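Colleague: Below is a structure I'd like to ask you about.
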Amino acid sequence: MNFERFALDIYALSFTALLVQMVVGAILAVRSQNLVHCFIGLVMTLISVAGLYYFLGSPLLAVMQVMIYVGAVCVAIAFGLSLTHKTGEEGLQAPGLRGIVPPFITLAMLGSVLLGLSNRKWVGYPQKIDESPIGQMLLGEYLLPFEVISILLTVAVIGAISIALIRRRN
Amino acid sequence: MITEISIMRTLLSILGITLVVGVNAIFVVWFERKVAGHMQYRLGPTEVGPAGLLQTVADGLKLVSKQIIFPQSADKPIFILAPIICLVPVFIALLPVPFSATWQAHELDMGLLLVIALGLLNTLGILLAGWGCDNKYALLGASRAVAQILAYKIPLLLCILPIILLAGTFSLREIVLVQEQSTWFALYQPVGFLIYLIAITLETNRSPFDFAEAESELVAGFHTEYSGMMFSLFFLAEYTYMLVASAIASILFLGGWLGPFFPGPVWMLIKIYFFLFLMMWFRWTFPRVRVDQMLSFGWKILLPISLLNFLITAGVMAAL
Amino acid sequence: MMTSYAQDIITGLSSLLTGMKVTIKTMFTKGHTVQWPRQTAQLPLNFRGHIRLVANDSTGFAKCIACGSCVRACPSNCIEVKGEKPEGAKKKSPTLFRLDFTKCSLCGLCVESCPVAAITFSRDYALAGLTSEPFAAMNLLDEVASPFAGEEQ
């Protein structure tokens, strides 16, 4: 039995399954009338993106994706959702004329990504990469942007607290 | 290279993890009921099997044979998905846990990160359970679980960070190997150890922090509407999650499989069940605190102390 | 402020440890569970079962003189007594002594009011049945005929 062949088949199969899950999740997140279903679609997409990272040879990014996006961002969104009055029972409004804009932005983004990738060399299947430069770059070359983002987050938190305090006082 | 051996290894690890999860749940539920009984001048289960050891098997059979009831206004796909989302991550979280230098399903250089990340998915499952069944008690339990995760996760990570500084790796196996060279990290990090103990009690939703379930306030919290096999999936997830948290605690602080006389897996199991016993001891001693008390405890006590602990460790390490 | 913060944590921790000491000590003491029916607990001396008639030591007949003071004393009207004088006897003897145990509240007024101490509490605690009929009309005279049978048929 050819195990290499077998493994590659399984690899391709799970990769495709992840892609399908990602697209289904994305469509669900955008198109569903129920806010909770939108949320689940978002989680599905984010988890499948983490899976793609893993398949593309960067388990660190995959784990970070799960930790930050699914664990932190989605839980924060969920916390907000559970505090809202109605979780989208009456359905969402159709966007109307403004709905034309997003497809153009999406297409423009897709085009620029494809353009950027066009003169890269394609490889058969990915090797696991060394991730330690990520940390060194974050704390070396890109230290300033990194710190600025942290300060931005701190400012946002302080702002949220002060808004809550002002509303409580009134 | 993919060979017969690597495929056999994969299949064996899947089988092993399933066995560990099943046997652990059967044993720990029995153990918990015994401990609870004896701490309250009772005996616990005695009838089914020797010393009641098969009680959990009987309970499991009962749960499997029971009808699964779907509430009329439940969101069926979410309702079905929730217990699965709770259970699957804990299975995967057992992959990088080493039971000895060689007994490990899959060595990952970021095993610790993976376990932490998967721990967050458990809360997602609880949240979906609370939402899916359209029950106010379940929803309250779920939103409490989310408030709780915000309060304990940061101190938990902050008391793991010094360990990573000391060990210089995210791999669970190598963290133990570093401790083989020096000594148990609990001796370097007593404060971190204490905070970690509190944080895993919070993380596994155990009393005195079992707000998501809170049977005296919220009927049964997030699994109020679940019955039969779906309820037992939540149960299985909770007890497996306790196992994972205890295993990580013994690896990070008590040197994993290291110990004299006995082989590695025996020491690992002794340490794991020591932590499990500790969590049961907490549960049957302390009454549940109020939610706001837990939140202010998390933010005002756990967070500053763990931050201070981390800064001091980093400072000492930089100075040496 | 800083000292009270630290003090709170220390007193809190020590109180937690005290609690844990109590439970771990309890865990290694013997349980109080009595595993009925394999074991039976000792009944307290003043245990109150349903009432029963006391037999005369020499004759084996009931001490009861069918005077009816227990019937009058009973607040729930659950005792019914009829009596006749047997031939040659000075006092009456009960021909019927029936207790409606479904109404009885075990207050013990009948025991106290009996002038000849003919009523006492039984020590029968394992009463159970599928219907209420046997308990609605308990014939207490049966027990006197065989005073140590103790069990309601």
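Only the coordinates and a few stated rules stand behind these numbers; no lab work does. Since the structure is predicted, the reported quantities are computational estimates derived from the model, not experimental observations. Every residue, glycine as well, gets a Cβ built from its backbone with ideal geometry; the counts of neighbours run over all protein chains shown.
Colleague: Just tell me how shielded A:71-82 is by partners: mean number of partner chain Cβ atoms within 10 Å of each residue's Cβ, no decimals.
Modeller: For peptide A:71-82, the averaged partner shielding equals 6.
Colleague: Mean Kyte-Doolittle of at least -1.0 plus a Cα span of 18 Å or more along the axis: flag which DSSP H helices in chain A meet both, please.
Modeller: Numbers: long enough: A:3-31 (41 Å, 1.43); A:35-55 (30 Å, 1.93); A:101-117 (25 Å, 1.94); A:143-169 (39 Å, 1.69).
Result, helices passing both filters: A:3-31, A:35-55, A:101-117, A:143-169.
Colleague: Ranked from highest to lowest mean number of other Cβ atoms within 10 Å per residue, what is the order of the peptides A:67-78, B:104-115? Provide the component values of the computation, followed by the final result.
Modeller: Numbers: A:67-78: 18.8, B:104-115: 20.6.
Top of the packing list down: B:104-115, A:67-78.
Colleague: Additional query: Which whole number gives the average, over all residues in C:25-32, of C-beta atoms from other chains lying within 10 Å of the residue C-beta?
Modeller: Average neighbour count from other chains, rounded to a whole number: 5.
Colleague: Take the residue pairs B:LYS153/B:LYS300; B:LYS62/C:LYS30; C:LYS63/C:LYS90; B:LYS271/B:LYS300; B:LYS34/C:LYS25 and return only those whose Cα atoms are more than 20 Å apart.
Modeller: B:LYS62/C:LYS30; B:LYS271/B:LYS300
Colleague: A follow-up question, please. Among B:ILE116, B:GLN189, B:LEU15, which residue has its Cα positioned farthest towards the positive end of the charge dipole of chain B, with +1 placed on the Cβ of Lys and Arg, -1 on the Cβ of Asp and Glu, and the dipole taken about the Cα centre?
Modeller: The one lying farthest along the dipole's positive direction is B:GLN189.
Colleague: If R0 is 30 Å, what FRET efficiency do you get for C:LEU106 and C:ARG38 from their C-beta distance, rounded to 0.05?
Modeller: Step by step, r from the Cβ atoms, then E = 0.65.
Colleague: Taking 45 Å as R0, compute the FRET efficiency from the Cβ-Cβ separation of B:LYS66 and B:LEU165 and round it to 0.05.
Modeller: Result of the calculation: an efficiency of 0.35.
Colleague: Let me ask something else. If I stretch the segment between A:VAL157 and A:THR106 completely, what's the gain in nm (0.36 nm per residue apart, minus their alpha carbon distance), one decimal?
Modeller: The A:VAL157-A:THR106 span can extend by a further 15.3 nm.
Colleague: When you look at the Cβ of every residue in B:105-111, what mean number of other chain Cβ atoms sits within 10 Å?
Modeller: Mean partner-chain Cβ count within 10 Å for B:105-111: 2.
Colleague: Neighbour counts of other C-beta atoms within 10 Å: give me C:ARG38, B:ARG144 arranged from fewest to most.
Modeller: Lowest count first: C:ARG38, B:ARG144.
Colleague: Show that you can apply the helix-only estimate: for chain C, add -39,500 (n - 2.57) for every DSSP H stretch of four or more residues, divide by all residues, and state [θ] at 222 nm to the nearest 500.
Modeller: Values: 5 runs with 45 residues, N = 153.
Rounded to the nearest 500, the figure is -8500 deg cm²/dmol.
Colleague: Using modelled backbone amide H atoms (1.01 Å from N, in-plane), which distant-in-sequence or interchain residues come within less than 5 Å of C:LEU96's amide H?
Modeller: Amide H neighbours of C:LEU96, under 5 Å, 5+ apart: C:LYS82.
Colleague: Okay, next question. Under the Karplus relation 6.51 cos²θ - 1.76 cosθ + 1.60, θ = phi - 60°, what is the ordered set of whole-Hz ³J(HN,Hα) values for the stretch B:258-270, x standing for Gly and Pro?
Modeller: Result, ordered by residue: 6, x, x, 6, 8, x, x, x, 5, 4, 4, 5, 4 Hz.
Colleague: Right, something else. Across the stretch B:37-51, in residue order, what do the Karplus-derived ³J(HN,Hα) couplings come to in whole Hz, using 6.51 cos²θ - 1.76 cosθ + 1.60 with θ = phi - 60° and x for Gly and Pro?
Modeller: x, 5, 6, 10, 6, 10, 10, x, x, 10, 8, 8, x, x, 6
Colleague: Going by average Cβ density within 10 Å per residue, which order do the peptides A:12-20, B:50-58, B:278-286 take, highest to lowest?
Modeller: Highest-to-lowest ranking by the protection proxy: B:278-286, B:50-58, A:12-20.
Colleague: Looking at chain A, identify the longest residue range that excludes and avoids all GluC sites (Glu not before Pro) in DSSP loops having at most 14 other Cβ atoms within 10 Å. Before the final figure, lay out the partial values.
Modeller: Working: sites that count: A:GLU89, A:GLU90, A:GLU141.
The reported range is A:1-88.
Colleague: If you don't mind, there's one more thing I want to ask. How tilted is helix B:111-132 with respect to the longest principal axis of chain B? Cα atoms for both, answer in degrees (0 to 90, nearest 10).
Modeller: 20 degrees
Colleague: So if R0 is 60 Å, what FRET efficiency would C:SER15 and B:LEU177 give, r being the distance between their Cβ atoms, rounded to the nearest 0.05?
Modeller: Once the sixth-power term is evaluated, E becomes 0.95.
Colleague: Amide H neighbours of C:GLY108 under 5 Å, at least 5 residues apart or on other chains, H built in the peptide plane: list them.
Modeller: Those lying under 5 Å, H to H, from C:GLY108: there are none.
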